[in-house]
Amino acid sequence: MQKITPFQWYDGKAEEAANYYTSLFKNSKVTSVNPMMTTFELNGLQFVGLNGGPHFTFTNSISLFVTCNSHDEIANLWKSLSEGGTPLMELGAYPWSEQYGWINDRYGLSWQLFFGDKDQQITPSFLFANQQFGKGENAINLYSELFPPSEMLNLVRFGEAFPGLEHHIQFSEFLLAGQSFMLMESHVPHEFDFNEAFSFFITCADQNEVDYYWDKLIANGGQESKCGWLKDPYGVSWQVVPTLLMQLMGDPDREKAQRVMEAMLKMTKINCQTLQDAYDGK
């Protein structure tokens, strides 16, 4: 089971977005649909789309970085994502890639397309900017401690060509729980920061795991929220959720499932025993 699942907030269009994305990428499919959320896979990477209303919208602080080894594949993806989308960096040749582009699609979700030596790969990418600039390496160290097996695959600093920024991260790629992630830093002011529109769902086996991830992620400046949500010290949103919650809420006895839902809505950190008691009618 995928340990860390990208979780996306939509204004009533989760199923529509999932159908759109799965039409663009190979080895992709919609796996479940209900009025609240849609689960889907893009080239094997699992996602969840939530019909959460208009409260949060995507920003460029988290994008999906798509590596392809086919120019035609990138061109076709760019053409599709451009329909109703907004280019940030036009598709073309850059010093770091002979074909690259950055675009926000029709739903506002941010994509980077990159020609490289890998077959199609989709990787969540963090942009640490504004107050988070310079904290990227600390974040990687925290995440790597939390999600073994972890490994730094590539780390490029700005270096001497950028006086004052030499030790900051220009680009990095690393593994968390065996999954690929990227992180960049930008010293240029931006009008956006991390928010709940793009969070990461941690699947926990039991209460001990819930407590572990929760306590580690809110330490040193993190912020608790409701229903298993929190923000880590860098403002990135996470959901720390036991498998028990999904099992009980998926029960065909809707009265039991509703009791579980009502109990969960009163929680900050998820408590497994309280969920079980609600399910049992205690």
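When the Kirkwood radius is taken over all Cα pairs of region 61-213, what Stokes-Einstein diffusion coefficient follows at 10 °C and 1.306 mPa s, in µm²/s?
Answer, rounded: 94 µm²/s.
State the Kirkwood hydrodynamic radius of the chain in Å, one decimal place, computed from all pairs of distinct Cα atoms.
19.9 Å
What length, rounded to one decimal in nm, is gained on full extension from residue 254 through to residue 175, with 0.36 nm per residue of separation minus their alpha-carbon distance?
Extra length from residue 254 to residue 175 when fully extended: 24.5 nm.
Report for the chain the percent antiparallel among DSSP-assigned beta bridges with both residues inside it, nearest 5.
About 70 percent, rounded to the nearest 5.
Would you look at the GNM of the chain, springs on alpha carbons closer than 10 Å, and say which of 179, 170, 131 moves the most?
For the chain, modelled as a Gaussian network with Cα springs under 10 Å, the answer is 131.
Along the Cα-to-C-beta direction of residue 57, a point sits 7 Å from the Cα; which residues of region 82-106 have their amide N less than 13 Å from that point?
86, 105-106
Give the Rg/Rh ratio for region 1-106, taking Rg as the radius of gyration of the Cα atoms and Rh as the Kirkwood radius, to two decimals.
0.97
Scale the Cα Rg of region 124-282 by the rule-of-thumb value 2.2 N^0.38 Å and send over the ratio, two decimals.
1.23
Too long at a 22 Å Cα-Cα cut-off: which of 29/269; 13/231; 3/231?
29/269; 13/231
Per the 1.4 Å probe, what fraction of the accessible area of region 1-141, in percent, lies on carbon and sulfur atoms?
In region 1-141, the share of accessible area belonging to carbon and sulfur is 49 percent.
What does the highest-first list of 154-160, 76-82 look like by mean Cβ count within 10 Å?
Sorting 154-160, 76-82 by mean packing, highest first, produces 76-82, 154-160.
Among the GluC sites (Glu not before Pro) in region 35-90, which ones are in a DSSP loop with at most 12 other Cβ atoms within 10 Å of the Cβ? Mind listing them?
In loop regions of region 35-90 (DSSP not H, G, I, E or B), the sparsely surrounded GluC sites (Glu not before Pro) are 83.
To the nearest 10 degrees, how steep is helix 254-265 against the longest Cα principal axis of the chain, on a 0 to 90 scale?
Here the helix axis deviates by roughly 60 degrees.
Under the √(5λ) rule applied to the eigenvalues of the Cα gyration tensor, what semi-axes describe the equivalent ellipsoid of region 202-282? Give them in Å, descending.
Equivalent-ellipsoid dimensions as semi-axes: 25, 11, 10 Å.
What list of ³J(HN,Hα) couplings, whole Hz, do you get for region 40-47 from phi and the Karplus terms 6.51, -1.76, 1.60, once you set θ to phi - 60° and write x for glycine and proline?
For region 40-47, the Karplus-derived couplings read 7, 10, 10, 6, x, 8, 7, 10 Hz, x marking Gly and Pro.
Whole-Hz Karplus ³J(HN,Hα) for region 84-94, in order, using 6.51 cos²θ - 1.76 cosθ + 1.60 and θ = phi - 60°, x for Gly and Pro?
Listing the rounded values in order: x, x, 10, x, 9, 9, 4, 4, x, 8, 9 Hz.
What ranking, highest mean first, results for peptides 217-226, 17-26 when packing means the other Cβ atoms within 10 Å averaged over each residue?
With the highest mean Cβ count within 10 Å placed first, the list reads 17-26, 217-226.
Grab the DSSP H runs of the chain that are 4 residues or longer, score each as -39,500 (n - 2.57), total them, divide by all residues and round the 222 nm result to the nearest 500 deg cm²/dmol.
Calculated from helices alone, the mean residue ellipticity at 222 nm is -8000 deg cm²/dmol.
Taking a probe of 1.4 angstrom, what is the accessible area of residue 105 in Å², to the nearest 10?
10 Å²
Would you kindly derive the ³J(HN,Hα) couplings of region 144-155 from the backbone phi angles with the Karplus curve 6.51 cos²θ - 1.76 cosθ + 1.60 (θ = phi - 60°), listing them in order in whole Hz, with x for Gly and Pro?
5, 5, 6, 10, x, x, 10, 7, 7, 8, 7, 9
On a 0 to 90 degree scale, rounded to 10, what angle separates helix 71-82 from the longest Cα axis of the chain?
60 degrees
Can you give the accessible area per residue of region 156-282, in Å², using a 1.4 Å probe?
49 Å²
The values are calculated or read from the model by the stated rules, or taken from the named source; none is laboratory data. Remember, predicted model here, so these are calculated numbers, not experimental data. Positions of Cβ are backbone-derived with ideal geometry, glycine not excepted, and every protein chain shown enters the neighbour counts. With ligands, DNA and RNA removed, areas are computed over all heavy atoms of the protein, side chains included. Shrake-Rupley method; radii C 1.70, N 1.55, O 1.52, S 1.80 Å.
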